[in-house]
Amino acid sequence: MKIMKQREKMKDSGNSKQVAALHKLLSALKTVRGFADLNYTTEIRPVKLLVMLDLPDFPVISIGRAGGFDMPDIRSYEQIKGASDSFTCPGQTAFDACLFGDKHVLRQGSGA
């Protein structure tokens, strides 16, 4: 019975890599961007954990099984192969892009 409860709990929150990635994102949003006391919701899809932040102009962020980041509604953003997270905008990684997702939404909306 105990194993079943643990599996059910993982279904609701994502796997351990997804949960760690979510915590990394929330921590950076607080420390780098200054967004304290964030409200968010998550939704499990077959291979993704979708994160909806209660922040203006932020896109849906998806976290893959291995903890990788993506913004499905943003058509393109900077990603340099082998780069480390810079915690800056436009950044070098998908994580950086997600951290500044609102700026990508505004850029895409303006046609830039």
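So if I check each of S62, S84, which one is without any contact (Cβ under 8 Å) to a residue 24 or more places away in the chain and surrounded by 20 or more Cβ atoms within 10 Å (Cβ to Cβ)?
S62
Return the residues of the stretch 63-75 that are under 17 Å from H104 (Cα atoms) and assigned to a strand (DSSP E or B); say none if nothing qualifies.
Selection gives F69, D70.
Report yes if some residue within the stretch 89-105 is outside any loop (DSSP other than H, G, I, E, B), polar (S, T, N, Q) and closer than 19 Å to K24 by Cβ; otherwise report no.
no
Can you tell me which residues in the stretch 29-62 are of a type in the set (D, E, K, R) and in a loop (DSSP other than H, G, I, E, B)?
Across the stretch 29-62, the qualifying residues are R33, D37, R45, D54, D57.
Among the numbered criteria (1) out of contact with any Cys (no Cβ under 7 Å at 6 or more places or on another chain); (2) of a type outside the set (V, I, T); (3) surrounded by 12 or more Cβ atoms within 10 Å (Cβ to Cβ), which one does F69 miss?
(1)
Residue-by-condition table, conditions (1) modelled with pLDDT under 90; (2) among the small types (G, A, S):
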| site | (1), (2) |
| --- | --- |
| K5 | yes, no |
| L26 | no, no |
| K30 | no, no |
| L38 | yes, no |
| K48 | no, no |
| I61 | no, no |
| F69 | no, no |
| Q79 | yes, no |
| S84 | no, yes |
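Just one of the numbered conditions (1) farther than 18 Å from Y40 by Cβ; (2) surrounded by 12 or more Cβ atoms within 10 Å (Cβ to Cβ); (3) in contact (Cβ under 8 Å) with a residue 40 or more places away in the chain is not true of Q79; which one?
Here Q79 meets the rest and fails (3).
Which of the following residues is touching a strand residue (DSSP E or B) at 6+ places or on another chain (Cβ under 7 Å) and of a type outside the set (F, W, Y): G82, G101, G68?
Exactly one of G82, G101, G68 is touching a strand residue (DSSP E or B) at 6+ places or on another chain (Cβ under 7 Å) and of a type outside the set (F, W, Y), namely G101.
The values are calculated or read from the model by the stated rules, or taken from the named source; none is laboratory data. Keep in mind that what you see is a predicted model, and the values were worked out from it rather than measured. Cβ atoms come from the backbone with ideal geometry, glycine included; neighbour counts cover every protein chain shown.
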